[in-house]
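Undergrad: Let me give you the structure first, and then I'll get to my questions.
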Amino acid sequence: MSTYDIAIRGGQVATSFGVTRCDIGIRDGRIAAIAESISDAAQVIDAGGLLVLPGGVDSHCHIEETSRGGYTMSDGEPQVTVNEESFVTASASAFAGGTTSVVCFIPQWKGFGVWERYVDARKRGETGMLDFAFHQIISDPTDTVLKDEVPKLVAEGVRSLKVFLTYEPLHLSDAEYIKVLLTAREHGCLVTVHCENYDAIGWRTRALLDAGLTGPKYHAWSRPRVVEREATHRAIALAELVDQPIQVFHVSCEDAAEEIARAQARGVKVWGETCPQYVTLTAADMDRPGFEGAKFMCSPSPRDTAEHARIWEMIRRGTLDVVSSDHCGFSYEGTKGKGSSGRDASFEKIPNGIPGLAARLPIIFSEGVSKGRISIEKFVELTSTNPARLMGLYPRKGAIQPGADADLALWDPKKKVTITNALMQHAIDYTPYEGLEVTGWPVTTIRRGEVVMRDGKVQAEPGTGRFLPRGPYDMVKPRGITPEGFGA
Ligand code: DUC
Ligand code: ZN
Ligand code: ZN
């Protein structure tokens with residue numbers, strides 16, 4: 001009988017603190033040893049010429065969410081799932097791109113509680129292959145939800161509450177947001193925030209429509225940088241007032257990132273996330289002929305190439321320390337997706353969101369490491385270690401060390417690939433990154449010691465994904481500092 005189930009031999013093992021040539025021994029789904037040489041294993045995987053990375057942790061993915069309104073700004077008809085992506089298809093896509101765990105969302109339908117949605121989301125998650133944790137969306141912060149249901153969710157291991165400061169029918173008023181912050185503080189949760197100003201976008205949207213400016217490109221005009229900056233400032237200020245740690249989701253521009261940097265300099269516990277779309281896509285993509293622009297529509301809106309450089313700078317400075325996908329795909333064809341209100345629908349009726357689970361790591365590696373913008377260590381930190389830390393999943397996830405789950409991506413740093421939709425292996429019929437050339441690609445993905453993707457072929461059994469309960473953790477403890485020393 002061998003000491004290890006698997007030995008990964010001869011690779012360059014890359015973590016957030018260095019790159020070293022060594023072997024990894026895996027036993028019972030976990031990393032059992034790291035040494036110069038490990039040979040006593042039932043199976044040997046040759047990683048010569050490859051980087052061995054911790055499996056990607058994508059802490060912002062919309063998968064199989066059920067909705068009564070969708071992501072358009074107008075009230076929609078009740079519907080079951082928001083799009084075609086299931087936990088099975090999303091798992092395949094994640095493994096194809098080197099990601100092994102996600103934090104996705106439990107919806108809340110306005111007028112309803114959250115417990116039933118949790119039970120349903122948990123069942124859905126368990127049909128897939130990916131390991132998963134949850135953020136609970138709060139769109140209707142009633143006393144029953146905050147006082148009775150949230151404590152039950154926390155006991156189950158759901159440790160983050162997600163709020164939207166815009167979007168019909170999800171957005172919260174400032175008073176409601178403060179109630180959520182206080183609840184999170186009481187129960188040791190992180191609050192994650194979509195920062196855009198609801199009333200400002202509503203006003204701009206009506207003005208654009210009145211002027212007959214309705215095509216997809218006007219989505220970007222309806223929500224310029226200032227609406228993101230204002231909401232980011234407000235989200236942070238109110239979190240500071242309450243002394244509650246928050247993560248600002250999908251930062252698209254320097255203006256918003258500067259608000260985070262200023263607060264971090266004051267010692268406020270605020271973290272900033274960005275996404276691959278904010279270093280690759282631009283608002284001009286939404287100006288493609290006909291309805292094509294809808295394929296690039298997400299919120300906040302992609303900006304311009306000068307902004308990409310500023311986002312990289314904010315990443316290098318550490319202001320933005322997590323890169324997630326905000327995977328939220330809607331097919332281009334068919335009745336459920338981008339064209340669900342017709343090909344001539346005005347921009348505010350087109351579902352927001354783009355798919356990105358599989359593309360996230362290759363894009364950030366290629367644009368970041370291969371182009372010399374960031375180190376390999378920084379890449380690992382942004383895409384695996386930091387999201388695991390901030391979500392309370394570290395060191396079970398996001399680490400290569402004895403005791404950690406054996407989640408690994410064997411990465412060919414020289415492999416050149418042109419992104420196509422088929423390579424993404426999701427249920428969505430397009431990728432906004434079609435034709436993008438990247439250098440660096442995952443050749444093998446291992447989840448808890450099992451090879452789940454080899455040379456693009458996903459080989460995992462549906463139903464093997466595990467829920468990741470999150471216990472209390474230090475990063476989200478309040479600082480104990482409130483304005484004038486008064487805290488509620
Ligand atoms: N923006 C979000 O905030 N969520 C889903 C998709 C999107 O574009
Ligand atoms: Zn959002
Ligand atoms: Zn999102």
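No value in this document is a laboratory result; all are computed from the given coordinates. Treat the numbers as computed from the prediction; the structure is a model and nothing was measured. Cβ: placed from backbone, ideal geometry, glycine included. Neighbour counts: every protein chain shown.
Undergrad: By the gyration tensor of its Cα atoms, with a ≥ b ≥ c the square roots of the eigenvalues, what is the shape of the stretch 136-211: rounded for a/c under 1.5, prolate for a/b over b/c, or oblate?
TA: Note, shape of the stretch 136-211 comes out prolate.
Undergrad: Sticking with this structure for a sec: Quick one: length gained pulling Leu209 to Lys415 fully straight, 0.36 nm per residue minus the C-alpha distance?
TA: The span from Leu209 to Lys415 would gain 69.5 nm if fully extended.
Undergrad: Report, in degrees rounded to the nearest 10, the 0 to 90 angle that the Cα long axis of helix 198-210 makes with the longest principal axis of the chain.
TA: So the inclination is approximately 70 degrees.
Undergrad: Return the sequence-ordered ³J(HN,Hα) values of the stretch 151-160 in whole Hz as given by the Karplus equation 6.51 cos²θ - 1.76 cosθ + 1.60 applied to θ = phi - 60°, using x for Gly and Pro.
TA: Working through the residues one at a time gives x, 5, 5, 4, 4, 7, x, 9, 10, 9 Hz.
Undergrad: Just name one of Ile246, Thr335, Ser346: the one whose Cα is farthest towards the positive end of the charge dipole of the stretch 56-370 (beta-carbon charges, Lys/Arg +1, Asp/Glu -1).
TA: Result: Ile246.
Undergrad: While we're on this one: Among DSSP bridges having both ends in the chain, what percentage is antiparallel? Round to the nearest 5. All intermediate terms of the calculation are to be shown ahead of the outcome.
TA: Working: 34 of 69 bridges.
Given both bridge residues lie in the chain, the antiparallel proportion sits at roughly 50 percent.
Undergrad: Taking the Cα centre of the stretch 370-488 as the origin, how large is its charge dipole in debye, to the nearest 20, when only Lys and Arg (+1) and Asp and Glu (-1) carry charge on their Cβ atoms?
TA: My answer is approximately 240 debye.
Undergrad: Obtain the nm distance between the two label points defined at Arg266 and Arg479 by a simple spin-label model: each point lies 7 Å from its Cα along the Cα-to-C-beta direction.
TA: Simple spin-label model gives 0.8 nm for this pair.
Undergrad: Using 0.36 nm per residue, how much length does the chain from Ser173 to Phe17 gain when fully extended, once their Cα-Cα distance is taken away?
TA: Details: separation 156, 0.36 × 156 = 56.16 nm, distance 4.14 nm.
Separation in residues times 0.36 nm, less the Cα-Cα distance, equals 52.0 nm.
Undergrad: Which shape class, rounded, prolate or oblate, goes with the stretch 74-185 when its Cα gyration tensor gives a ≥ b ≥ c as root eigenvalues, a/c under 1.5 marks rounded, and past that a/b bigger than b/c marks prolate?
TA: It is prolate, given that a/c is not under 1.5 and a/b is the larger ratio.
Undergrad: Once both axes come from the Cα atoms, what is the angle between helix 305-317 and the longest principal axis of the chain, in degrees from 0 to 90, rounded to 10?
TA: Taking Cα atoms only, the helix is inclined about 60 degrees.
Undergrad: Report, ordered by chain and residue number, the lysines lying within cross-link reach of Lys338, taken as a straight Cα distance under 20 Å and ignoring same-chain residues fewer than 8 apart.
TA: Result set, ordered by chain and number: Lys217, Lys295, Lys349.
Undergrad: If you don't mind, another one. Explain nothing, just the number: relative contact order of the stretch 56-370, from Cα pairs under 8 Å at least 6 residues apart, as a whole percent.
TA: 19 percent
Undergrad: What is the local net charge at Glu156, summed over the other residues whose Cβ is closer than 11 Å to its Cβ (Lys, Arg +1; Asp, Glu -1)? Write down the numbers at each step before the final one.
TA: On the way: positive: Arg122, Lys152, Arg159, Arg470; negative: Glu149.
Here the count lands on +3.
Undergrad: For Phe112 paired with Lys457, estimate the spin-label separation in nm (one decimal), with each label point 7 Å from Cα along the Cα-to-Cβ line.
TA: Label-label distance for Phe112 and Lys457, simple model: 4.1 nm.
Undergrad: Oh, and also: What's the angle, to the nearest 10 degrees (0 to 90), between helix 225-242's Cα axis and the longest principal axis of the chain?
TA: Helix 225-242 sits at roughly 80 degrees to that axis.
Undergrad: Under a point-charge model restricted to the Cβ atoms of Lys and Arg (+1) and Asp and Glu (-1), what is the dipole moment magnitude of the chain relative to its Cα centre, in debye to the nearest 20?
TA: With Lys and Arg at +1 and Asp and Glu at -1, about 660 debye.
Undergrad: Could you tell me which of Ile363, Val102, Phe134 has its Cα farthest along the dipole of the stretch 56-370 towards the positive end, charges placed at Cβ (Lys, Arg +1; Asp, Glu -1), taken about the Cα centre?
TA: Ile363
Undergrad: I need to check one value: relative contact order of the stretch 79-221, counting alpha carbon pairs closer than 8 Å and at least 6 residues apart, in percent. List each step's numbers first, then the result.
TA: Working: 172 pairs, mean separation 27.6, N = 143.
Here the relative contact order equals 19 percent.
Undergrad: If we count every other residue with Cβ under 12 angstrom of Glu36's Cβ, Lys/Arg +1 and Asp/Glu -1, where does the sum land? Let's see the in-between values first.
TA: On the way: positive: Arg9, Arg21; negative: Asp23.
Summing Lys/Arg as +1 and Asp/Glu as -1 gives +1.
Undergrad: Modelled label-to-label distance, Ala237 and Ala33, 7 Å Cα→beta-carbon offset: nm?
TA: About 5.9 nm separates the two model spin labels.
Undergrad: Another question about this same structure. At 222 nm, what value in deg cm²/dmol follows for the chain if DSSP H runs of at least 4 each add -39500 (n - 2.57) and the sum is divided by all its residues, to the nearest 500?
TA: -7000 deg cm²/dmol
Undergrad: Rounded to the nearest 0.05, what FRET efficiency is calculated for Ser341 and Ala155 with R0 set to 56 Å and r the Cβ-Cβ distance?
TA: 0.85
Undergrad: OK, next. What is the Å³ per residue value for the convex hull set by the Cα atoms of the stretch 346-488?
TA: Numbers: hull volume 31.7 nm³, N = 143.
Expressed per residue, the convex hull around the Cα atoms of the stretch 346-488 is 222 Å³.
Undergrad: Once you sort the root eigenvalues of the Cα gyration tensor of the stretch 56-370 as a ≥ b ≥ c, which label holds: rounded (a/c under 1.5), prolate (a/b larger than b/c) or oblate (the other case)?
TA: Rounded, since a/c falls under 1.5.
Undergrad: Here's a follow-up. Determine, for Trp115, Trp271, the number of other Cβ atoms within 10 Å of each Cβ, and report the residues in order from fewest to most.
TA: Ascending Cβ contact count within 10 Å gives the list Trp115, Trp271.
Undergrad: May I ask you to give the average projected area over all directions of the convex hull of the Cα atoms of the stretch 286-428, in nm² rounded to one decimal?
TA: 10.4 nm²
Undergrad: Could you rank the peptides 86-94, 362-370 by their average count of other C-beta atoms within 10 Å per residue, with the highest value first?
TA: On the way: 86-94: 26.7, 362-370: 23.1.
In descending order of packing, they fall as 86-94, 362-370.
Undergrad: Let me ask something additional. What is the extension gain from Thr3 to Thr81, computed as 0.36 nm multiplied by their sequence separation minus the C-alpha to C-alpha distance, in nm to one decimal?
TA: 23.5 nm is the gain from fully extending Thr3 to Thr81.
Undergrad: Same structure, new question: Just rank Arg303, Arg343, Arg396, fewest to most, by other beta-carbon atoms within 10 angstrom. Provide the component values of the computation, followed by the final result.
TA: On the way: Arg303 24, Arg343 9, Arg396 17.
Final ranking by Cβ density, sparse to dense: Arg343, Arg396, Arg303.
Undergrad: Can you work out the FRET efficiency for the pair Gln43 and Lys123, with r the C-beta to C-beta distance and R0 = 45 Å, to the nearest 0.05?
TA: On the way: r = 33 Å, r/R0 = 0.73.
Between Gln43 and Lys123 the formula returns 0.85.
Undergrad: Quick check for me: using +1 on Lys/Arg Cβ and -1 on Asp/Glu Cβ, what's the dipole size of the stretch 298-337 about its Cα centre, in debye to the nearest 20?
TA: On the way: 5 positive and 6 negative charges, 17 e Å.
Here the stretch 298-337 has a charge dipole of around 80 debye.
Undergrad: Among Leu208, Phe486, Ser301, flag the residue with its Cα farthest along the positive direction of the charge dipole of the chain, charges on Cβ as +1 for Lys/Arg and -1 for Asp/Glu.
TA: Phe486
Undergrad: Calculate one ³J(HN,Hα) per residue across the stretch 266-280 by plugging θ = phi - 60° into the Karplus curve 6.51 cos²θ - 1.76 cosθ + 1.60, and present them in order as whole Hz with x for glycine and proline.
TA: 7, x, 5, 7, 9, 10, x, 10, 10, 9, x, 4, 8, 10, 9
Undergrad: Could you put Leu172, Leu130 in order, starting from the residue whose Cβ has the fewest other Cβ atoms within 10 Å?
TA: The order, fewest Cβ neighbours first, is Leu172, Leu130.
Undergrad: Across the stretch 470-477, in residue order, what do the Karplus-derived ³J(HN,Hα) couplings come to in whole Hz, using 6.51 cos²θ - 1.76 cosθ + 1.60 with θ = phi - 60° and x for Gly and Pro?
TA: So the Karplus estimates, Gly and Pro as x, are 10, x, x, 8, 5, 4, 9, 6 Hz.
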